[in-house]
Amino acid sequence: MDALIHQVLAGLATGGIYASVALALVMIYQATHLVNFAQGELAMFCTYLAWTLINAGFGYWPAFLLTVGLAFVLGVVIERVVIRPVENSPVLAVVVVFIGLLVILNSIAVWIYTGTIKTFPSPFPTEPLFGNKFMSSHEIGAIVVTLIMLLLLYAFFRFTPLGLAMRAAAQNPASAKLVGIRVGWMLALGWGLAAAIGAVAGMMVAPIVFLEPNMMGGILLYAFAAALVGGVDSPGGAVFGGFLVGVLENVLGAFVIGNELKLAVALVLIIGVLVVKPSGFFGKVHITRV
Amino acid sequence: MNQRTLTVVAVLLLLACALPFLVSNYRTFQFTLVLVYAIALLGLNILTGYNGQISLGHGAFYAIGAYTAAILMDRFGVPYWATLPVAGAVCLAVGFLFGLPALRLEGLYLALATFALGVSMPQLLKYHHFEKWTGGVQGIVITKPDPPFGLPLNPDQWLYYFTLAVMVLMFVLAWNLLRGRVGRAMVAIRDHHIAAEAMGINTAMVKSLTFGVSAFYTGVAGALGAIAIQFVAPDSFNIFLSIVFLVGIAIGGLASIPGAIYGALFIQFVPNIADEISKAAPWAVFGIFMIGFVYVMPLGVNGAIRMLLARLGRKAQNNRSTAGVTRPTINSPEEV
């Protein structure tokens, strides 16, 4: 029983990371109806930036905040420079641009930092919190950070005029333009926010999986799955999906089929969910009018 | 096909036949791979370009084809040419069966399902219960076939011609399929599946069959690829292969048969060029090439060529028509 609780809680901790990346995916999906394949690599790259800052003598939290800021700027710049010219191209063309970005970011990271594995510091104490024997304090910390981020995002979209404008731009670009919202810039802001969320996820996961150029590969896949299981047009659903996928992955890997096939089985389960409920748990069901 | 296209195709085929005598053995091998990729891309293009179903997992069908061929040759001593139809048939069946549940999924969700297939394939191939067939992580080594009937060719050249023959056959088959009743049904489903259904097309059947046919093409390509490279291992069929296929059809040109060849040339040679430009970060250069191609030719190489031809054609027509207009003005109505 203890082992089960331990696996479930550890699953929640990694699930928090999946939830953050899934949230970043959903943010861009809502605005553009495209899945950004480069999201994971963007997060990886930002984590390397944080590593550089920490090694340059910054404290953890100043480096953390600076990295989030830099990630935001990087996201905005990428949207303005790389994505904007292909806005009206066919879907697959844009997908190719995303894949191109993924490859470029990965390659540059290998080039600058070499492929060797680096350790990344955790801001949380090493001994378990409150003397519990189930979760390390980093795991608890990661969950708390994820939840705080979620709350901030919710407040931003719900209570600020800028958040309202961004929602309007995503939901109905034409009408939003008519009432004077600069839809193009809202999209760039969305990219910036998504990059910043990704950066937080990267910094939270790096102490667990260690820092290396391919660290986000598997995470992006799970986040993709999480976003779809939760419903790709629902941020809350994405977070729920993230936790669900994290727990499933851990419990299945530990008790049912072993680590060798856990990726495959987790994915099969997710597809099972989708076959029964094609728009995910919290997604809108689209009704087509003929 | 009109007279002009036929001439162009014939000339290109002649050039393709002459190629092994003009370049080194290594280049011949590379061009063999281009032909292999062209078949795989055509398969993916039938599904994505003509039927509108996005697949991020075609590397898995390529792997199944490759492994079928390798296991048949290695464990059962089947001759290499006989493995192709078997590999194709296995993939046809797997593709059709995968296509059935995938019917409920559209767009992104289908992309995820196929993505899952692509990601789990290397894991399945490494799975220790299958090891006595697949050779586990080590993979399987197969021998290169010698040219038959004492033909004066070296093995590389023979394999090139063999692959070329298979490719031409597959392309002719695809061309026939796509311009016929089934092809029109596929396109109708892509453009408006409700309207297609109202017209009496069995959309479920056509979609699953398209999945099967697409997997068939990719599987045959996988078998040919395994024979050409003489080696299969789980990690050469990772998710990146599937993504590269998708890049190939997007850059070659969606819903076009020649697009498969352009895409194949791109995914075979551009990484090499990138490697020559920058040894330190070759993939960054490759990524820049990818984005650059999309900026310059959003409809793919085939779309760009078509636009160019249309523009040239219009110019020629304008010249002709202005020439034609100047003459009748002599006895135009105003003067008469």
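Nothing in this text is a laboratory measurement; each read-out follows from the coordinates by a stated rule. Bear in mind that the values here come from a model prediction, so they are computed numbers and not experimental data. Here the Cβ positions follow ideal geometry from the backbone for every residue, glycine too, while neighbour counts run over all protein chains shown.
Miscellaneous remarks
- Between A:ARG167 and A:THR126, the modelled label-to-label distance comes to 4.6 nm, taking each label 7 Å out from Cα in the direction of the beta carbon.
- P(r), alpha carbons of the range A:2-276 - 5 Å bins starting at zero, rounded %: 1, 6, 12, 17, 19, 17, 13, 8, 4, 2, 1, 0
- Contour excess over end-to-end distance, with Cα ends at B:GLU131 and B:HIS192 and 0.36 nm allotted per residue: 17.4 nm
- The range B:271-294 and the range A:1-28 have Cα centres separated by 36 Å.
- For chain B, relative contact order (Cα pairs under 8 Å, six or more residues apart, normalised by length) works out to 30 percent.
- Projected label distance in nm at B:LEU169 and A:ILE112, using a 7 Å step from Cα toward the beta-carbon: 5.2
- Measuring r between the beta carbons of B:MET199 and A:VAL144 and using R0 = 41 Å, the FRET efficiency lands at 0.15.
- Based on alpha carbons, the Rg and Dmax found for chain B are 22.7, 93 Å.
- Span from the the range B:16-53 Cα centroid across to the the range B:54-102 one, whole angstrom: 18
- Of the residues B:ALA89, B:ALA250, B:ALA195, the one that moves most in a GNM of chain B with alpha-carbon contacts below 10 Å is B:ALA195.
- Spherically averaged projected area of the convex hull of Cα atoms, the protein assembly as shown: 36.7 nm².
- For the options B:PHE76, B:PHE216, B:PHE240, a Gaussian network treatment of chain B with springs between C-alpha atoms closer than 10 Å singles out B:PHE76 as fluctuating the most.
- Computed [θ] at 222 nm, helices only, for chain B once each DSSP H run of length n ≥ 4 contributes -39500 (n - 2.57): -25500 deg cm²/dmol
- Spacing of the two label points (7 Å from each Cα toward its C-beta) at B:PHE269 and A:VAL73, in nm: 4.2
- Computed E for B:ALA82/A:TYR60 - FRET, C-beta separation, R0 45 angstrom, nearest 0.05: 0.10
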